[in-house]
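Notes follow the structure.
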Amino acid sequence: MRLILEVWRQDGPDAEGSFETHEITDATPEMSLLELLDRLNHQLVENDLDPVAFESDCREGICGTCGLDVNGNPHGPEDNVPACGQHVRSFSDGQTVRFTPFRAKSFPVLRDLIVDRTGLDRIIQAGGTISVDAGTAPDADTLLVTHDDAERALDFAACIGCGACVSACPNGAAYLFTGAKLAHLALIPHGKEERARRARSVIAQMQSEFGPCSQIGECALACPAEIPLVAIAVVNRERLRAGFKKGKPN
Amino acid sequence: MSPTIQERPDLDQIPVAKRPATSPPPRPQTWILKVIMATTGSIFILFLLFHLAGNLKVYLPDDPQGHFNEYAHWLRTLLNPLVPGSTFLWAFRAVMVLALCLHVYSGLTLWIRAHRLRGRHARKVHSTKHHLTGRTMLWSGLIILSFIIFHLLDLTIGRAVESKEFSTKATYTLHDGTVVTDAYSNLIHSFERAPVAIFYVVVMIVIAFHLSHGIWSIINDFGGTAHRTRMVFLFLADLIALIVVIGNASIPLAVLAGGLTL
C-alpha cells in the first residue's frame, strides 16, 4: 500500500511548526498507525533525517500513552479505539494521512506529535488522598461493595487518561476525564470521607486549565476506554453536592 | 523531655509537600456559570410554554379577538386585587430581564473561555445533531436576543419596527362589557407584513435549535446522571422545540395565508 503522510513537525514548545510530507510505499493493511509511524521513522533514519517524535508504550490499548490526531480525529478514524489499535486498513491506497498532535491549548506541543498532558496529572493530584485503613490487611468482606456498584465504578475507572476527550472537545474541556475519576470514586466506599473536598479541589483545578463543557458529545465518541457521556453530568452533580455540604470534607 | 511544638517555632518553617503551583480557577467558576445558564434557561422554557398557550388563543372559535384580548388583559391585571394594577406584570418583567442578563453574561463568558482553550489544528467532527446545535448556541442565542428586542418594539412598545396601524390606545369591548386594549389587531397588522411574518418563522426555527440543545444541557448542568431521566430530557428537548416552533410559527403563516383576520 502506498500512503502519503503529512506529519506535523515542531522542534520545541516555542518553535513554529509546519507539515512535512513523506511517502510510504510498503505499508500493509494490518499495520497499526503507530507501526506506520515506525516505518516512516525507519525511512527517515535511513536517509539521515530526524525521526518523528511520538509517544507510545504498551501498544495494546491499556496504557494511554499514545495520543495523536489522525486526519483530525483523536487516535484515528475509528471511534473508541486508541491509536495503537487502529490500522492502516482504514485508509485506501494512495490516500493522504495527516498526523497532528492532540489539539488543545491545555496540551502544549513538546516536540512533533508529543504534547504535555501533565494538566490531567494536576487534576488527579488535586484530588489528594483517600482514607483507608493502613497496617495489617483487613479481613475479607469487611468493606462491602455491591456487584453493580463495583461494575459501574470499574467502567469509569477504565479511563486510561490519554487525553483524547480533551482533543476531541471543541472547547478543550476535560469533563469526561474528570467526571470518570469523580464517578468511580463516588461509587465505592474508599474515599467516601473526602468526597466533597475532592469534588471541590478537582473541579477547581480542572477549570483553571481546561475549558467549559457544551454537551456536544465528541469526547465520548473519541474515548478509547468508552467512558459514557454521563461522566460529564457527574462533574456538576458532585460539585453541586459539595456545595450543599458547606465546606465539610465528605 | 522533647520540646513541644510551642517551643519550636522553627517547625513552621519546615517545608512540607505542597500542591503543585497552578493558577486559581477563573471567577465566576465555570460550573457556577453553567448552573446559572441552566436555571435561567429553565425559566425561559417555562415562559415560552406559557407564552405559546396564550398565543394559541388566536385559534379559538367564536371571537378569537375577544379571547386573545381578554387573556392579554388578564396578564396585565394578574394577582389583582392582591397587588394593585400591573404590579405583577412589572415584577415579572424585572425577573425576566435579570434572567436574560445572567443568561447572556454566562453564555458569553463560557464561550470566551472555550474559545481560548481551543487548539490550533483543524478537527474532523462527527456530524451529530448535538454538534450542529451545540456549536451554534452562541449564534442562535444572539439571533434570539435581537429577536426579543424586535418583538418588544413590534408588539409591546410599538416603536421603530411596528406596523403603521399599531396602537396601544385602540380598545376592544369584551362580551361582559369590559373595555380592554386591542392586542389582537396589533398582532394581525404586524403579521400582514410578509417580511416580518417570515422573520418570525425563521426565528422560531432558530429558537427550536437553541431549545433542543439547551434542554439537553439542563440535565447535564444540574448533574442528572440517572439513565432514564437523561433519556426523558433528550426526548423532551426535541418535543418542546417542535411544539414551540410549530405552535408559534403557524400564527404568522396563518395570517399571511389569510386564515386569521380581524
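Among the listed pairs B:LYS34/B:LYS129; B:LYS57/B:LYS129; A:LYS245/B:LYS34; B:LYS34/B:LYS57, which are separated by more than 26 Å between their Cα atoms? Going by Cα-Cα distance, B:LYS57/B:LYS129; B:LYS34/B:LYS57 fall outside the 26 Å limit. The trypsin sites (Lys or Arg not before Pro) of the range B:127-184 that meet both conditions, a loop assignment by DSSP and at most 13 other Cβ atoms within 10 Å of the site Cβ, are B:ARG159, B:LYS164, B:LYS169. Computed from the C-beta positions of B:LEU60 and B:ALA257 and an R0 of 25 Å, the FRET efficiency is 0.85 to the nearest 0.05.
Each residue, A:GLN125 and A:ALA150, gets one label point 7 Å from its Cα in the Cβ direction; the gap between the two is 3.4 nm. Dipole of the range A:117-244 computed with +1 at Lys/Arg Cβ and -1 at Asp/Glu Cβ about the Cα centre; of A:GLY179, A:PHE210, A:VAL132, farthest Cα towards the positive end is A:PHE210.
Placing dummy labels 7 Å off each Cα toward the beta-carbon, the span from A:ALA140 to A:THR25 is 6.3 nm.
Between A:THR96 and A:GLU46, the C-beta separation translates, for a Förster distance of 25 Å, into a calculated FRET efficiency of about 0.65.
So for chain A, averaging the separation of alpha carbon pairs under 8 Å that are six or more residues apart and normalising by length, what relative contact order in percent results? Can you show the working numbers first?
Working: 488 pairs, mean separation 48.5, N = 250.
Relative CO of chain A lands at 19 percent.
Over the range A:117-244, with a single point scatterer placed on each C-alpha, what log10 of the ratio I(q)/I(0) does the Debye formula yield at q = 0.13 1/Å? So the normalised log intensities are -0.52. For the range A:3-111, count all C-alpha to C-alpha pairs, find those more than 17 Å apart, and express that count as a whole percent of the total. Roughly 52 percent, rounded to a whole number.
A simple count of charges around A:PRO224, restricted to other residues whose Cβ falls under 13 Å of its Cβ and scoring Lys, Arg +1 and Asp, Glu -1, yields -3. The angle between the Cα long axis of helix B:227-256 and the longest principal axis of the Cα atoms of chain B comes to about 30 degrees, rounded to the nearest 10.
Could you state the angle between the C-alpha long axis of helix B:30-55 and the longest principal axis of the C-alpha atoms of chain B, as a value from 0 to 90 degrees rounded to the nearest 10? Relative to chain B, helix B:30-55 is tipped by roughly 10 degrees.
Of the beta bridges DSSP finds with both residues in the range A:3-111, what % are antiparallel, to the nearest 5? Please list the in-between numbers first.
Numbers: 12 of 16 bridges.
So the antiparallel bridges in the range A:3-111 amount to around 75 percent.
Kindly express, to the nearest 10 degrees and within the range 0 to 90, the angle between helix A:230-244's C-alpha long axis and the longest C-alpha principal axis of chain A. Tilt relative to chain A: about 40 degrees.
For the peptides B:94-100, A:186-192, B:177-183, the ranking by packing is A:186-192, B:177-183, B:94-100, with the highest mean count of neighbouring Cβ atoms within 10 Å listed first.
Taking the Cα centre of the protein assembly as shown as reference, the dipole from Cβ charges on Lys and Arg (+1) and Asp and Glu (-1) amounts to some 1960 debye.
Run the numbers on the range A:3-111 and let me know its relative contact order in percent, using alpha-carbon pairs under 8 Å that are six or more apart.
Values: 190 pairs, mean separation 37.2, N = 109.
Reported relative contact order: 34 percent.
Protection proxy ranking of A:138-147, B:234-243, B:76-85, by the mean of other Cβ atoms within 10 Å over each peptide's residues and highest first, is B:234-243, B:76-85, A:138-147.
Could you give the length gained by full extension between A:GLU78 and A:GLU226, i.e. 0.36 nm per residue of separation minus their alpha carbon distance, to one decimal place? Present the calculation step by step, with values, prior to reporting the outcome.
Details: separation 148, 0.36 × 148 = 53.28 nm, distance 1.25 nm.
Gain in length upon complete extension: 52.0 nm.
Here the dipole of chain B is about 1460 debye; that uses its Cα centre as origin and unit charges on the Cβ of Lys and Arg (positive) and Asp and Glu (negative).
Grab the Cα-Cα distance for B:PHE47 and B:VAL125, subtract it from 0.36 nm times how many residues apart they are, and report the gain in nm with one decimal.
Working: separation 78, 0.36 × 78 = 28.08 nm, distance 3.40 nm.
That works out to 24.7 nm of additional length.
A cut-off under 14 angstrom between Cβ atoms defines the neighbours of B:LEU152, and their net charge, with Lys, Arg +1 and Asp, Glu -1, is 0.
Between the amide H of A:LEU5 and those of A:HIS22, A:GLU23, A:ILE24, A:VAL97, distances stay under 5 Å, these residues lying 5 or more places away or on another chain, with hydrogens modeled in the peptide plane.
Remark on the range B:19-165: Rg and Dmax equal 20.8, 73 Å (Cα only).
Okay, helix-only estimate at 222 nm for chain B: each DSSP H run of n ≥ 4 adds -39500 (n - 2.57), divide by all residues, round to 500 deg cm²/dmol; what do you get?
Details: 8 runs with 158 residues, N = 262.
The helix-only estimate for chain B comes to -20500 deg cm²/dmol at 222 nm.
Among the cysteines of the protein assembly as shown, A:CYS66, A:CYS84, A:CYS159, A:CYS162, A:CYS169, A:CYS213, A:CYS223, B:CYS101 have no other cysteine beta carbon within less than 4.7 Å of their own. Between the range A:65-81 and the range A:114-155, how far is it from one alpha carbon centroid to the other, in angstrom? Here the two parts' Cα centres lie 28 Å apart. What's the longest bit of chain A with no exposed GluC sites (Glu not before Pro), using DSSP loop states and at most 10 other Cβ atoms within 10 Å as the test? Counting at most 10 other Cβ atoms within 10 Å as exposed, the longest clean stretch of chain A is A:61-250. In this simple spin-label approximation, A:ALA15 and A:ASP133 carry label points 7 Å from Cα along the Cα→Cβ vector, and these lie 5.5 nm apart.
Averaging sequence separations of C-alpha pairs under 8 Å and six or more residues apart, then dividing by the length of the range A:117-244, give the relative contact order as a whole percent. Don't skip to the end; give the middle numbers.
Values: 171 pairs, mean separation 44.3, N = 128.
This gives 35 percent for the range A:117-244.
Add +1 for every Lys or Arg and -1 for every Asp or Glu among the other residues with Cβ under 13 Å from the Cβ of B:LEU33, and state the total. Result for the neighbourhood of B:LEU33: +3. One Cα centroid belongs to the range B:55-81, the other to the range B:195-262; the line between them spans 23 Å.
Quick note: the coordinates plus some simple rules give every number you see, no bench work behind them. On a predicted model such as this, the values are computed, not experimentally measured, just so you know. Note that we place each Cβ from the backbone using ideal geometry, even for glycine, and neighbour counts take in every protein chain shown.
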